1. Counting DSSP beta bridges with both partners in region 65-195, what percentage is antiparallel, nearest 5?
2. Show me 108-116, 178-186 ranked by packing, highest mean number of other Cβ atoms within 10 Å first.
3. Taking 37 °C and 0.692 mPa s as the conditions, I'd like the Stokes-Einstein D for region 174-246 in µm²/s, using the Kirkwood hydrodynamic radius from alpha carbon pairs.
4. Considering amide H positions built from the backbone, and no H for Pro or chain starts, which residues 5 or more places from Gln189, or on another chain, come under 5 Å of its amide H?
5. Need one word for region 62-167: rounded, prolate or oblate. Basis is the Cα gyration tensor (sqrt eigenvalues a ≥ b ≥ c); a/c below 1.5 gives rounded, then a/b vs b/c decides.
6. Starting from the Cα of Phe96, step 7 Å along the direction of its Cβ; do the same at Ser239; then give the gap between the two resulting points in nm.
7. According to a simple spin-label model (label point 7 Å from Cα along Cα-to-Cβ), what is the distance in nm between Val220 and Glu171?
8. Loop only by DSSP, 14 or fewer other Cβ within 10 Å of the Cβ. Give me the trypsin sites (Lys or Arg not before Pro) in region 53-97 that pass, ordered by residue number.
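Every number here is computed from the coordinates shown, using simple stated rules; none is lab data. Keep in mind that what you see is a predicted model, and the values were worked out from it rather than measured. Cβ placement follows ideal geometry from the backbone for every residue including glycine, while neighbour counts extend to all protein chains displayed.
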Amino acid sequence: MSKSALLCPTRNNNNNNNKTRSFREIGVCFIRLKHFYCRTTQTQKQALRMSAGNAKIGHPAPQFKVTAVVDGQFKDVQLSDYKGKYVILFFYPLDFTFVCPTEIIAFSDRVEEFRKIGCEVLAASTDSQFSHLAWINTPRKQGGLGSMNIPLLADLTQSVSRDYGVLKEDEGIAYRGLFVIDDKGILRQITINDLPVGRSVDETLRLVQAFQHTDKFGEVCPAGWKPGSDTIVPDVQKSKEFFSKQ
C-alpha cells in the first residue's frame, strides 16, 4: 500500500469511488449514444427506403403495367399506352379515406382540360382493383368517388410506388406523389406531399402548359407564368426585354 493510502485512506477510497463512478457514467453515455445512433440510422434508412426509386428529373419515367379500373371495367394499363402524350401520374395513400377522394374527384371532373392539351391523368394507390371499383360504386355523398373519368391504377405489389420513390415502407401505402411525364416519356416534374395535404389541379395544369410552351418555343417561364403572359428568352442580352417590363 502506498504511503498516501496509509496516511489518507479515506481520500484514497474517495478517489477509487470517483474513478468507478466516472467509468459508470462513461458506460451509460456510450450506451445512450449507441441507442441514439441506432435510432438515427434506422430513421435514415427508413427515409431512404421512402425516397429511393428510379424516378429522376430529365430521365425516362419508370415503366409499369398494372390492372386498373377504366370506365367501370378491369383493364391492363401501361405507361407506354400513352406514348406521344403528356401524362400526369399521381399517387394517393388509400381508398375510402378523407383527402384522397377530394383530389381524385377534382382531377376526374376537370380531365377534359388536360386532354385538350394532349395530356392524360392517371391515379394510383396500393389498393386492389376490387377496392377501387367498390369505391367508385359508392356515392360521393357517402365518401365514394362515383363516376370516374380517369383510370385508377391498382399497385397491389407496391412495385410502381417503390419505383417512383413514394412508397411508405412501414405502412405499405404511397405518399402523395405527383409526376409530370412529357410526350417523350421524360420526367419533367416531381412533387411529394406528406399525407395530410392535397394537391392543386390548377397548378398541375399550369405546369403542363408551361412545359409544353418551353418545348415548342424554347423560351423559359417565370414564376407564376400562365398561358398568354410574358416568357423569357434564355439569353443574357435578350432576357433584358422581359426584365425591363417588370
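1. Numbers: 21 of 30 bridges.
Of all bridge pairs located within region 65-195, approximately 70 percent are antiparallel.
2. Numbers: 108-116: 15.1, 178-186: 18.9.
Order by mean packing, descending: 178-186, 108-116.
3. Numbers: Rh = 14.0 Å.
Roughly 234 µm²/s, to the nearest whole number.
4. Hits under the 5 Å cutoff: Val180.
5. Numbers: a/c = 1.60, a/b = 1.16, b/c = 1.39.
Cα axes put region 62-167 in the oblate bin.
6. A separation of 5.3 nm, rounded to one decimal place.
7. For Glu171 paired with Val220, the spin-label model returns 3.8 nm.
8. Working: sites: Lys56, Lys65, Lys75, Lys83, Lys85; in loops: Lys56, Lys83, Lys85.
Within region 53-97, the qualifying trypsin sites (Lys or Arg not before Pro) (loop, at most 14 other Cβ atoms within 10 Å) are Lys56, Lys83.
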